[in-house]
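Below is one structure, written out as structure tokens; the observations come after it.
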Amino acid sequence: MTSPEPAPTPTTTATLPIEGMTCASCANFVQRALTKTPGVRTASVNYATEKATVEFDPAAVSPAGLRAAVEGAGYGVGPEPAAPPAQSGGAAQPAAEAADTTDARKAAAYAALRRRFWVAAALTAVVMPLSMLAMTDWAMARVPMAALNWLLLVLTLPVLLYSGRSFFVAAWKTFRHRTATMDTLVAVGTGAAFLYSLLATVAPGWLTRRGVPADVYYDTTATIITLILLGKLLEARAKARTGEAIKKLVGLGAKTARVVRPDGSEVEVAIGQLQIGDEVAVRPGEKIATDGVVLTGASAVNEAMLTGESLPVEKSAGDEVFGATLNTTGALRFRVTKVGADTLLASIVRLVEDAQGSRAPIQRLADRVSGIFVPVVVVIAVLAFVAWFDLSPAGQRLPMALQAFVAVLIIACPCALGLATPTAIMVGTGRAAARGILIRSAESLERAYAVNTVLLDKTGTLTKGEPAVTDFSPLPGQDGAHLLALAAAVERHSEHPLAQAVVRYAEATFRPIPGAGPAPPWPGRRC
């Protein structure tokens, strides 16, 4: 007799907003720290969304322990949105609040980064021409080089200390944790060029007595920081738009609901105040506030935002209705059965969020490469320095070796490698959701490239999402134009999709055509 297998330990999934990440290597370090935490089953950190999704055993590790693991890696955990009351809240309202909070934080970071970039760009626009001028024979004969070097130093200092300060702070933090990121490459490269230039400015004789030219590279320092900041600015702009798809989905829902009180009166309340069991009245043309079951009334409900089917669905007592769908023809009263995170719209929002935060198979390769990229680049830069120092002519060894060292560090930037895939996933899933296509995961999106045949059953149709009149054939002896005009006049005030299709067809039919003379009168304008 075999003993029963032990029941699997229940796990909890938490999403943590991560602060302080500057490149894909940072995301790898945070993910590694979370994965090594006892009690954590799986951990996935998305650099583009700046979020970590962690599945853990609550009996072995607490949310505070997860936060400590992230902070131990040198990064921070941002504030999480407050949870809504258990029995209240509108569909997807927590997601809306979270998206607004995240967007506000990213907008503030983008504004600060933009200020730093413009300061660097303005000063670099002066440093570059002056540095080029100093290389000419005319300037060497007429301009005191020592004074020009001091001027370049004064102009470069704000670029280094204000605009580029974040690179050095981040590099120091990672150095303390015995890691290296893209900021390490920028800080070491620009720092080496600046320190050599500073020595050539303050003590040029110390270099010349040793056969080393007292050249300065302030233009290199300023230009590199400015260009890296430009890339950061474009990156931040792309990341600031990650919540647009979620906000569009949340915007599909109603903002208020008309609750029927026990005395029969109707009170309009905010969507967040709905409770399970409330009776809600819906008029023709209004959105249904949340999920429920029809009590009285009969109507046709447009559920295209859920099913993609353009024809409305007839609803009567006992039928289910869903939040964000549109009531078209009749009045309904329904009892609320689901609110907040339990509604169908909220589950769609969660599906899109999960898809945006998931990792495609190709991203795993990019993550592995970016994880070892920085150390490999540092080694190559050191080897380049040694090689150029040994092979360069006497008197040019240190400058040429320094230039090779800085060039290798700066040119090898892994940001695009780590950002391209998650950004593509966010854009793809977000645009698909806005068009009514729900993608379950990044892996599904990646595998879609191999699809060459799509099979639809007899009820699965590809349409524009709205019905349209294609042909109109009156009975013999009837005035077709007059009948069409009367039908349009009757239907013009109806919200029903079929009625709107008749009106659109009539408007297109009676529109004047160039060269065809005046259009026949439309009786609808007189009815």
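Read-outs throughout are calculated quantities, based only on the coordinates presented, and are distinct from any laboratory measurement. From a predicted model like this one, the values you see are computed outputs, not experimental measurements. All Cβ positions, even for glycine, are placed from backbone atoms using ideal geometry, and neighbour counts span all protein chains on display.
Values for this structure:
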item: Vicinal HN-Hα couplings computed from phi for the range 184-200 (Karplus, 6.51 cos²θ - 1.76 cosθ + 1.60; Hz; Gly/Pro x); result: 4, 4, 5, 5, 5, x, 5, x, 5, 5, 6, 5, 5, 5, 5, 5, 5
item: Residue-span extension gain [A407 to F472] - 0.36 nm each, minus C-alpha spacing; result: 16.2 nm
item: Rounded to whole Å, sorted largest first: equivalent-ellipsoid semi-axes of the range 254-348, Cα gyration tensor; result: 19, 16, 11
item: Of K173/K232; K51/K255; K51/K287, those spanning more than 25 Å from alpha-carbon to alpha-carbon; result: K51/K255; K51/K287
item: Packing-based ranking, highest mean first, of 340-347, 228-235 given that Cβ atoms within 10 Å are counted; result: 340-347, 228-235
item: Environment charge at A324 (Cβ cut-off 10 Å; Lys +1, Arg +1, Asp -1, Glu -1); result: -1
item: Burial order of peptide ranges 256-268, 486-498 (average beta-carbon count within 10 Å, highest first); result: 486-498, 256-268
item: Compactness relative to 2.2 N^0.38 Å, alpha carbon Rg of the range 140-290; result: 2.07
item: Extension gain, E320 back to V169 (0.36 nm per residue minus Cα-Cα distance, nm); result: 48.7 nm
item: Other-chain or far-sequence residues with amide H under 5 Å of V469's (modelled H); result: Y505
item: For q = 0.22, 0.24, 0.26, 0.30 Å⁻¹, Debye-computed log10 I/I(0) when each Cα of the range 145-209 counts as one equal scatterer; result: -0.88, -0.96, -1.04, -1.21
